[in-house]
1. Need the failing condition index for A81 against (1) under 16 Å from A104 (Cα atoms); (2) surrounded by 17 or more Cβ atoms within 10 Å (Cβ to Cβ); (3) small (G, A, S), just the number.
2. For segment 51-149, which fully contained helices (runs of 4 or more DSSP H) count at least 1 residues that are outside the structural domain of F38 (by TED's automatic domain parsing)?
3. Please verify whether segment 21-38 includes one or more residues that are over 12 Å from the mean Cα position of the chain (by Cα) and hydroxyl-bearing (S, T, Y).
4. Select from segment 21-43 the residues that are part of a helix (DSSP H, G or I) and among the hydrophobic types (A, V, I, L, M, F, W, C) and list them in ascending order.
Amino acid sequence: MPVFALKVNGRACTVDAADKTPLLDVLRDDLQLRGSRFGCGEGGCGACAVLVDGVSQTACNLPLWAAAGPEITTVEGLDAALHAAFVAEQAAQCAYCSSGMQVAAAALLMRTPRPTAAEVESALDGHLCRCGAHPRIVRAVLRAAAQSA
């Protein structure tokens, strides 16, 4: 099996895995970074989202070979202010979607530091929340934006 060099949450690491192994499996099983969740396995729910060079991308369908080189940031590598805003707004009921939502929000805030509610909703559109916490999640992202200004 090939050895891949990765940059995850600011640190270099190597993994020995097949090139088509989903990045999510490597993060959770090899690197013990379990914040990204397995949801649908098809990239449709957003629970497994990570930042790849600052762009939110699903890790369940991203092959390992494509993740070698770019900077990968998981929910564990995000600024604590965004997580604190989610807690303050009680934006996670079961919290299964929370890590993916926070990753997508972080990508948005990097591009648009002062987003509107509509921009937040658009950025989170590919993320499913069965609990119906979307209004609180939008408020949390807006709170994080306001606090970082």
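1. Unmet for A81, out of (1) under 16 Å from A104 (Cα atoms); (2) surrounded by 17 or more Cβ atoms within 10 Å (Cβ to Cβ); (3) small (G, A, S): (2).
2. 80-88, 98-111, 117-123, 134-148
3. yes
4. Selection gives L23, L24, V26, L27.
The values are calculated or read from the model by the stated rules, or taken from the named source; none is laboratory data. Computed from a predicted structure; not experimentally measured. Cβ sites come from the backbone with ideal geometry, for glycine too, and all protein chains shown count toward neighbours.
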